[in-house]
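Here the structure is laid out as structure tokens; the discussion comes afterwards.
Every number in this text was worked out from the coordinates using simple rules, so none of it is lab data. Everything quoted here is computed from the prediction, not taken from an experiment. Cβ sites come from the backbone with ideal geometry, for glycine too, and all protein chains shown count toward neighbours.
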Amino acid sequence: MEIARLWEEYGGELTGYLRNRAPNAGDAEDITSEVFLRAWKSEVLLAGMTNKQCRLWLYTTAKRIVIDLARKKRLETRVQPVPERVEDDLSGMAVSQAIGRLPKELQDIFVMRYFSDLDSTQIGQQLGLSPATVRTQLRKARILLRKYWTIN
């Protein structure tokens, strides 16, 4: 099937579908463009397909791109660069002082996770907490540590 015909037939529909799944309208349009770029690169493959199969291929490709984009953004938020000032201050003593300022229950969970390398399930079992509670407490500990480092 010709790419121009696919665009005419499914371009608007696909963009509408993506507006409900992409973070914003601009991303939806970018993803639509990426889908049709991939379709153009796979034109030989699409040539032997029916309309229904082509539509399915377009939507599957779009869905995969949305998932990849979400994974990438999730990784970017997890692995944020540490400011140089914080990097310089992160000597062993500074870390110990910062952890020492945490409430006792957060200290215990933080140390078990990052120094004893236990996962949230293992920590929860030892402390009688659910893994979700452990993750929430770790999040609170990280927020408090960030506040401490930005103040000092």
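Label zone of GLU43 (point 7 Å out along Cα→Cβ, amide N under 11 Å): in the stretch 1-32 this covers 1-5. Normalised by 2.2 N^0.38 Å, where N is the number of residues, the alpha-carbon radius of gyration of the chain equals 1.61. Overall, the chain carries a charge dipole of about 520 debye about its Cα centre when +1 sits on the Cβ of Lys and Arg and -1 on the Cβ of Asp and Glu, all other atoms neutral.
By the count of neighbouring beta-carbon atoms within 10 Å, fewest first, ILE143, ILE99, ILE109 end up ordered ILE143, ILE99, ILE109.
FRET efficiency for the LYS63 to GLU8 pair, using the beta carbon distance and R₀ = 22 Å, is estimated at 0.55. Taking every DSSP helix (H) stretch of at least 4 residues in the chain, weighting each as -39,500 (n - 2.57) and dividing the sum by the residue count yields a mean residue ellipticity at 222 nm of -25500 deg cm²/dmol. If R0 is 30 Å, the Cβ-Cβ spacing of THR50 and LEU75 corresponds to a FRET efficiency of close to 0.20.
Extension gain for LYS140 to TYR114 (0.36 nm times residue separation, less C-alpha to C-alpha distance): 7.9 nm. Within the straight-line cut-off of under 16 Å between alpha carbons, the lysines reachable from LYS63 are LYS72, LYS73, sequence neighbours fewer than 8 places apart in one chain being disregarded. Fully extending the segment from GLU105 to LYS147 would add 13.3 nm, taking 0.36 nm per residue of separation and subtracting the current Cα-Cα distance. Using the empirical formula 2.2 N^0.38 Å as the baseline, the Cα radius of gyration of the stretch 3-78 reaches a ratio of 1.12.
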